[in-house]
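The values are calculated or read from the model by the stated rules, or taken from the named source; none is laboratory data. Since the model is a prediction, treat every value here as computed from it, not as a measurement. Backbone-built Cβ (ideal geometry, glycine too); neighbour counts: all protein chains shown. The accessibility values were calculated without ligands, DNA or RNA, using every heavy atom of the protein model including side chains. Shrake-Rupley method; radii C 1.70, N 1.55, O 1.52, S 1.80 Å.
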Amino acid sequence: MKKWFKHPLAYVAIILAMVCGLIFVLAAVPGFNKLPSGTQNLRVVVLDQDQSSVSKNIATHLENKLPFKMVTATSFANAKRQLNTRQAALIIQIDKGFYQRVTRGQAPKLTYTVNQSNGLLQNMVTKNVTTQVTTQVASQLTTAKVTQMLAQSAGKALMQKQQAVAKQQVKQQLQVALAKSPQLAQQPAQLKKLQQQVIARVKRQQQQRLMPQVKKQAAATAATLTGQVATTTTKLHALPTNYQYQFAPMFLNLGAYLGIMLMSLVLTLMFMSARHVIGKWSALLAVQLNGFIGVLVAPLVTLGTLRCLISFSSSAFWQLFGVQVLFGLAVFEFTLAIAFLCGGLPSMILQLPLLVSQVVASGAIIPRPALNGFYRWLSTHTPMSQGVYSTFNALYGGANSGYISALWWLISLSLLAVILIGWLGYRSTKTNPLSRLVPFTAGN
């Protein structure tokens, strides 16, 4: 027993346990420090298709009261594009005829359009927002401000109906005034002033005469306001209610990333030993070919298994296969560059926290806008989130919005880094302890 605890590996095992726990805490927990307030950065589009005084008041009220980035759109096509590219989380559509339904005592209509091809938290927040909006609009419909608007609208409508009568009264009063003072007809300035006075007097008389009728009509309309709202939710890209579908993109890409990262470490160790036997560039080419084969084969196994668990079409399977191959290449070159830079196994000190941080920043749980600055930057410059969002698109729908091009850039830059590190960093002809971990001889 004493000999056992004299061996340094016994203490290395304890240190590994502590370091791994520390890495997960330091890399993952800070990613949640902007929640729940970070969800206020989600964009909600308000589309007012009624353009009445009441609907405008409702839209302004929502912008002032809801704790989100409220933006307006000029057309549904523009709003839908923002939703499809994940620039917006929700469209609140005030339907045409909103004001007329209010004045008739009917429940006015709101239409919500959501994109469910997103992470868990965003879908939960979106659902909560629709409930808040319905409550806010319902309460706003019974306020004194809305009642006053209805009274003003009723007054304007009655005044418009009485325009012909008002014109006749103005004409009659002008004739009476001219009969008393015929000389005014020869004085344009005085005649114009007289006309303005007569018009103002007739308007005041009409307002006084019609005011009781306006109040009566406004009171009758206000009495019909029930505070009820009819809502419809349209799903741009629907997600099955089973949570297997919700979490499939995250675990598919997490498993692929971890497996490819370990593959890159093994191939780096082989490279460090093989370069002394078959030459550096031949070994590097072998690493790339080996990695490419692994990236091609692994998705066939994982996607075949996934299709046994959740249902998706054969076209989605091959689209997903293409995404996974591209994602796998990006992960392979990215992790291989880090492994080459750090000499293989020591790179785990950097690779593990990067993996954990990318899981948080992937968008599968927390949407990008809700992350803090560092994790948002990490989300756009590392492979995981590009793979997760592309997987959502392949399985459930959505616009690419730069995810595929980002993966191509990662592949190109990481491959260039691998070549440069291999050229500059592996010039020694002598073997070292790391290069002897995986022996490689000419007989291999």
Next item on the list: Using amide H atoms built 1.01 Å from N in the peptide plane, name the residues 5+ places from His237, or on other chains, whose amide H lies under 5 Å from its own.
Entry: Gln116, Ser117
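Once you have a ≥ b ≥ c as the square roots of the Cα gyration tensor eigenvalues for segment 334-405, tell me rounded if a/c is under 1.5, and otherwise prolate or oblate according to whether a/b is larger than b/c.
Working: a/c = 2.58, a/b = 1.75, b/c = 1.47.
Since a/c reaches 1.5 and a/b is larger than b/c, the shape of segment 334-405 is classed as prolate.
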Checklist line | Inter-label distance, nm, simple model (7 Å from Cα along the C-beta direction), Ser139/Ala316 | finding: 3.9
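Report in % the part of the accessible area of segment 22-99 that belongs to carbon and sulfur, leaving out ligands and nucleic acids; probe 1.4 Å. Don't skip to the answer; put the middle values down first.
On the way: 2060 of 3700 Å².
Whole-percent figure for carbon plus sulfur exposure: 56.
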Note to self: List the residues, sorted by chain then number, that are 5 or more residues from Asp48 or on another chain and whose placed amide H is less than 5 Å from its amide H.
What the structure shows: Ala73, Ile94
Item checked: Dipole moment magnitude, nearest 20 debye, segment 38-83 about Cα centre, only Lys, Arg, Asp, Glu C-beta charged -> 180
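Taking 21 Å as the cut-off for C-alpha to C-alpha distance, list the pairs among Lys34/Lys80; Lys80/Lys235; Lys65/Lys96; Lys56/Lys127 that go past it.
From Lys34/Lys80; Lys80/Lys235; Lys65/Lys96; Lys56/Lys127, over 21 Å: Lys34/Lys80; Lys65/Lys96; Lys56/Lys127.
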Next item on the list: Counting only heavy atoms of the protein chains, get the accessible area per residue of segment 241-359 (1.4 Å probe) and round it to a whole Å² value.
Entry: 41
Notebook entry, point to check: Non-local amide H neighbours of Thr231 (under 5 Å, H modeled in plane, Pro and chain starts lacking H): which ones?
Noted result: Leu110
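Suppose a student asked you for the relative contact order of segment 270-335, using Cα pairs under 8 Å spaced at least 6 residues apart; what percent would you report?
Numbers: 23 pairs, mean separation 20.1, N = 66.
For segment 270-335, the relative contact order is 30 percent.
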